[in-house]
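The values are calculated or read from the model by the stated rules, or taken from the named source; none is laboratory data. Predicted, not measured: the structure shown is a model, and the values here were computed from it. As a convention, Cβ positions derive from the backbone with ideal geometry for all residues, glycine included, and neighbour counts pool all protein chains shown.
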Amino acid sequence: MRSLLDLRRPSLLLPLLLLASCSGSSSASSDDPDGAGGRSGESTGGSSASGGDTNAPIDEEGTGGGAPDGLGGEAGAADTGGGSDADEPPQPEGGCRTTLAANGTAQIVEVCRPADGAPQHVRLENVDAGAGHTSVQLFLGFDEPPTSTQGPLAADQFKIMLYSGTPKDVHVSFGEASATLSGDHSFTGGPSTLCFDLGDGAVDRAPRFVLWVDGVNGATCSDFTTLTEDTAYGSEAHWGGALGIIAKAKGMYLYQAGAIDADPSVVSWSCSASSCVTRGLGDVPSEGAR
């Protein structure tokens with residue numbers, strides 16, 4: 001009988017090693033279909049694309065204190081993506097509505113403008129400027145998203161800022177000119193609805209701005225008939241002597257700080273409040289609007 005020591009001979013040991021190798025390879029193939037020692041479907045080494053959204057740098061509030069929009073604070077990145085059409089509420093008669101969905105980051109989104117002309121009357125719904133060093137801002141006259149909430153405006157651009165720090169503030173700017181409206185600005189801590197008329201201006205005339213706030217002086221922004229000179233919250237027509245035209249044919253953008261948990265809407269019409277009354281426009285959604 002052959003001794004067990006004969007198994008040490010290479011001629012017998014090699015087949016055994018080959019058999020063990022094949023057995024191990026078969027086991028790995030059945031337990032790990034990816035062949036890389038990981039779980040099936042788990043991505044390694046990169047993130048997936050997110051639908052092609054782009055980001056534009058923009059100042060973010062929250063760290064400096066005492067001044068809005070990044071003075072003394074960190075620079076942030078603003079999401080410039082928008083929601084899908086299916087997420088939009090019904091369009092008001094004769095107007096155009098865009099809603100910004102809060103997502104925990106600073107956002108600046110382009111909002112729609114009336115199909116039949118430049119925006120003359122704009123409503124901000126469900127606006128909340130936050131509870132600290134934060135703001136909501138609306139820009140008009142831009143070819144592309146503003147890269148800073150603190151940047152200077154061109155001569156044909158406009159901005160309104162609602163600031164909820166200390167003190168609360170409603171600030172409007174036309175080119176290099178600016179004005180702070182007087183009054184009780186507690187509504188900036190929202191949620192609130194406010195609306196304004198904004199004239200075009202001319203080479204020899206400044207654009208006229210008139211603001212109304214829901215529940216103040218008898219104004220109700222959803223009822224154009226209540227928006228009169230007597231119910232106005234404030235106005236600006238002098239701009240320190242600045243004259244000119246606002247480039248309303250260009251883009252309109254809404255900015256909201258990342259710390260704000262609100263979903264504001266911007267609605268615009270191509271008529272002033274009084275002209276919208278004459279045209280018989282209201283809030284009834286147009287036929288077929290989603």
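Look at (1) in contact with a Gly (Cβ under 8 Å, 6 or more places away or on another chain); (2) at pLDDT 65 or above and you find that PRO68 fails only one, number (2). From the list GLY130, GLY151, GLY183, the lone residue that is part of a loop (DSSP other than H, G, I, E, B), farther than 28 Å from GLY94 by Cβ and without any contact (Cβ under 8 Å) to a residue 12 or more places away in the chain is GLY151.
Taking the stated definitions as given, is SER182 touching a strand residue (DSSP E or B) at 6+ places or on another chain (Cβ under 9 Å), at pLDDT below 95 and farther than 25 Å from ILE108 by Cα? Taking the combined requirement at face value, the residue satisfies it.
Where residues in region 114-173 are of a type in the set (Phe, Trp, Tyr) and surrounded by 22 or more Cβ atoms within 10 Å (Cβ to Cβ), which of them is nearest to ASP197 (Cα to Cα)?
PHE158
Can you find a residue that is of a type in the set (Gly, Ala, Ser) and more than 30 Å from ALA131 (Cβ to Cβ) anywhere in region 203-210? There is at least one residue in region 203-210 that is of a type in the set (Gly, Ala, Ser) and more than 30 Å from ALA131 (Cβ to Cβ). Just to verify a result, which residue in region 198-249, among those that are at pLDDT 95 or above, of a type in the set (Asp, Glu) and more than 20 Å from ASP169 (Cα to Cα), is nearest to the chain's Cα centre (by Cα)? Across region 198-249, the extreme among qualifying residues is GLU229. For the residues SER178, SER268, SER235, the requirement of being touching a Pro at 6+ places or on another chain (Cβ under 6 Å) and of a type in the set (S, T, N, Q) singles out SER268.
Of all the listed residues (THR166, THR147), the sole one being farther than 16 Å from VAL266 by Cα and modelled with pLDDT of 90 or more is THR147.
Residue by residue, here is whether (1) within 20 Å of MET252 (Cβ to Cβ); (2) among the hydroxyl-bearing types (Ser, Thr, Tyr) holds:
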{"residue": "THR147", "(1), (2)": "yes, yes"}
{"residue": "GLN157", "(1), (2)": "yes, no"}
{"residue": "SER173", "(1), (2)": "yes, yes"}
{"residue": "SER178", "(1), (2)": "yes, yes"}
{"residue": "SER186", "(1), (2)": "no, yes"}
{"residue": "PHE196", "(1), (2)": "yes, no"}
{"residue": "GLY199", "(1), (2)": "yes, no"}
{"residue": "LEU211", "(1), (2)": "yes, no"}
